[in-house]
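The values are calculated or read from the model by the stated rules, or taken from the named source; none is laboratory data. Every value quoted in this text rests on a predicted model; they were computed, and no experiment measured them. In this analysis, Cβ positions are derived from the backbone assuming ideal geometry, glycine residues included, and neighbour counts consider all displayed protein chains. Surface accessibility is based on the protein's heavy atoms, side chains included, excluding ligands, DNA and RNA. Shrake-Rupley method; radii C 1.70, N 1.55, O 1.52, S 1.80 Å.
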Amino acid sequence: MAFAAFATAEAQPQAPRRKSRIALFLLLPGIAYLVLFFLAPLVSLLLTSLQAPREFGDIGQYDYAFNWQNYVDVISAYWPHIVRSFGYALAATVLALLFSYPLAYFIGVKARRWPLLQSLMLVLVIAPFFISFLLRTLAWKQILSDESFIITSLKALSLLAPDAHFTGTPFAVIFGLTYNFIPFMTLPLYTTLERLDVRYLEAGSDLYASPATVFRTVTLPLSMPGIVAGTLLTFIPAAGDYVNASRDFLGGPDTQMMGNVIEANFLVLLNYPAAAALSIILMAAILVLVGVYVKRSGTEDLL
């Protein structure tokens, strides 16, 4: 009896160990994927950002070194593009929130009694994803070109100067960013508002609170997770976007963002260390800004 009890006690700790080994085995493919396609490229990018030009080498030839001066050089040379990138991204994020919140509120709360209308509006929100990002932006370039009906009509009504242009301006770039990333803001908001218990809103009305007060004290706090998620999904890709600000689309010489500078250094100037250093700076700045934003908004669970 005593021996059997001892053997049972010795065998019990082996079960958790076996389960942990199985869990680790199941995690191996995901860990290998992250190491191969995230960690390895990140390390390679970091090492590239520290390279130095090869002595007596041709353009585009560099040797591995610890040349931290690359970061100082790119910040001093491209700080206007860094500020412009985050400024455009912030403006587009705020505009996307202002447009998306009423839309998501109508779909998620007001349209509950009409499931068919709710489904139709959701399809319309995600419909732009069925068309290429580049084609959508190129279409807006044609719509907002100097020869388009919209611009010529505005000039005919004297709302635009005869020699004014819309494409190639900061307004066009921010407009393109806002349009392209509105679905990324709307869907998280809808997901949060669709679960909103309308009895809270009715209770606020029963307590003689005004609609503005109910929204400020009930609806807005309960929808904060959707606001934070939508803001992150919009701001992060907008800050690194290089399509809308490109001269080939809605941008011009004075609207270049960090994405355009990185592309030019990689593909045109063959200045790989500068491009890699700018990429590292962009990632680090976004991580810091996102961390501060989530901390201040009180939604640390999203990280």
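Which of (1) in a helix (DSSP H, G or I); (2) open to solvent by less than 90 Å² (accessible area, probe 1.4 Å) is the odd one out, the single condition LEU124 does not satisfy?
Result: LEU124 passes all but (2).
Filter the stretch 197-241 down to the residues that are among the polar types (S, T, N, Q) and closer than 30 Å to ILE281 by Cα and list them by number.
Listed by number, the residues that qualify are THR231, THR234.
Does PRO170 satisfy being open to solvent by less than 30 Å² (accessible area, probe 1.4 Å) and either touching a residue at least 24 places away in the same chain (Cβ under 8 Å) or of a type in the set (A, V, I, L, M) (or both)?
No, not satisfied.
Please go through the stretch 284-294 and pick out each residue that is of a type outside the set (Phe, Trp, Tyr) and surrounded by 14 or more Cβ atoms within 10 Å (Cβ to Cβ).
ALA285, ILE286, LEU289, VAL290, VAL294 - these are the residues of the stretch 284-294 that are of a type outside the set (Phe, Trp, Tyr) and surrounded by 14 or more Cβ atoms within 10 Å (Cβ to Cβ).
If you take just the helices (runs of 4 or more DSSP H) that sit entirely in the stretch 216-303, which of them hold at least 2 residues that are free of Cβ contacts under 8 Å to residues at least 24 places away in the same chain?
Helices (runs of 4 or more DSSP H) meeting the threshold: 258-267, 272-297.
Here are the criteria: (1) at pLDDT 95 or above; (2) more than 25 Å from ILE182 (Cβ to Cβ). Tell me which single one LEU95 does not satisfy.
So the condition that LEU95 fails would be (2).
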